[in-house]
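Right, one structure below, let's go through it.
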Amino acid sequence: MRAFISILLKLQQILYTQGFGTRRECTALIERGAVSIAGEIARRPDAEFVTDGLQFAVNGEPWSFVERAYIMLNKSAGYECSQAPKHWPSVYELLPMPLRTRPTKSSVNGVQAVGRLDQDTTGLLLLSDDGQFIHRMASPKNHVNKVYEVTTKHPVDAAAVQALLTGVLLNDDPEPVAAAACERVSDTHLRLTLSEGKYHQVKRMLAAVGNRVEALHRSQFGGLKLDPALALGQWRWLTADDLAAISNSLQVL
Ligand code: URA
């Protein structure tokens, strides 16, 4: 993760880096009085501001300058984690326009999800435009634990919990896949911790023990828990404490 850098930037460039449109569109926004800083309309595209901690508003909507975007989203069901979704709306539609149109940085094409959740899975999804961060969080080598709250169709018995912990065979995988932890919260509620992110992994593991996932919610990513104040479909910036909680959970083997 990068340190937050304090630099002076022209207002036009500030809006551009934050995703408010092309350089020309950003200039136009400023010149027509749509941008204010500390309650004052800022009309000069070339006026310079210290970016660290800068708050401004565009068409009355407040925005905080961030050098890199690190975001927690409480994903709703019915959204695909893809920029080019096939059957459901894109999860990026849950983000405001500037986050969808942030320019490409160091080869990262704007804000991207860290891994994917199925369209019917809810809960914690991280997004960023920091390529190193995305890679570190998503790389299978780093074994970042993810915690899932699983509602099952049938009651789960002790033998199934043991099988999930010991390892189950998924149809197209030669090696068994084991949960890092598995807690039976109630008859039909499992708290399952996985350190990999194979395709439909939770659903396939539950199918392997003769059960079926009725609902799936990710409650934790590494050391970071989903903020309970975030309603489904809402997002917020990650704080420095959140970023530290995620980084501390990296177990590089
Ligand atoms: N496992 C699944 O089956 N689906 C998800 O969305 C995440 C993990």
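The values are calculated or read from the model by the stated rules, or taken from the named source; none is laboratory data. Keep in mind the model is a prediction, meaning the values are calculated, not measured. Cβ coordinates were reconstructed from backbone atoms using ideal geometry, including for glycine residues, and neighbour counts include every protein chain displayed.
Do we have Thr104 as among the hydroxyl-bearing types (Ser, Thr, Tyr) and surrounded by 14 or more Cβ atoms within 10 Å (Cβ to Cβ) here?
No; evaluated as a whole, the condition is false for this residue.
Every residue in segment 71-121 that is more than 16 Å from the ligand (Cβ to nearest atom), modelled with pLDDT of 95 or more and hydroxyl-bearing (Ser, Thr, Tyr), please.
Tyr92
Looking at His135, His154 in this structure, which one is away from the ligand (no atom under 16 Å from the Cβ), surrounded by fewer than 18 Cβ atoms within 10 Å (Cβ to Cβ) and assigned by TED's automatic domain parsing to the domain that holds Ala231?
His135
Look at segment 170-201 and say how many of its residues are acidic (Asp, Glu) and within 11 Å of the ligand (Cβ to nearest atom).
1
From Ala47, Ala28, Ala34, Ala38, which residue is modelled with pLDDT under 95 and more than 16 Å from the ligand (Cβ to nearest atom)?
Ala38
Would you mention how many residues in segment 184-224 are of a type in the set (D, E, K, R) and without any contact (Cβ under 8 Å) to a residue 40 or more places away in the chain?
4
Please verify whether segment 209-223 includes one or more residues that are within 16 Å of the ligand (Cβ to nearest atom), assigned to a helix (DSSP H, G or I) and either over 13 Å from the mean Cα position of the chain (by Cα) or in the same structural domain as Asp173 (by TED's automatic domain parsing) (or both).
Within segment 209-223, not a single residue is within 16 Å of the ligand (Cβ to nearest atom), assigned to a helix (DSSP H, G or I) and either over 13 Å from the mean Cα position of the chain (by Cα) or in the same structural domain as Asp173 (by TED's automatic domain parsing) (or both).
Among the numbered conditions (1) in the same structural domain as Ala240 (by TED's automatic domain parsing); (2) closer than 22 Å to Leu243 by Cα; (3) in contact with a Phe, Trp or Tyr (Cβ under 8 Å, 6 or more places away or on another chain), tell me where Gln83 comes up short.
(2)
So Val50 clears everything in (1) surrounded by fewer than 17 Cβ atoms within 10 Å (Cβ to Cβ); (2) within 30 Å of Gly197 (Cβ to Cβ) except one condition, right? Which one?
Val50 satisfies every listed condition except (2).
How many of the residues making up segment 128-142 are in contact with a helix residue (DSSP H, G or I) (Cβ under 8 Å, 6 or more places away or on another chain) and within 17 Å of Val66 (Cβ to Cβ)?
Matching residues across segment 128-142 total 1.
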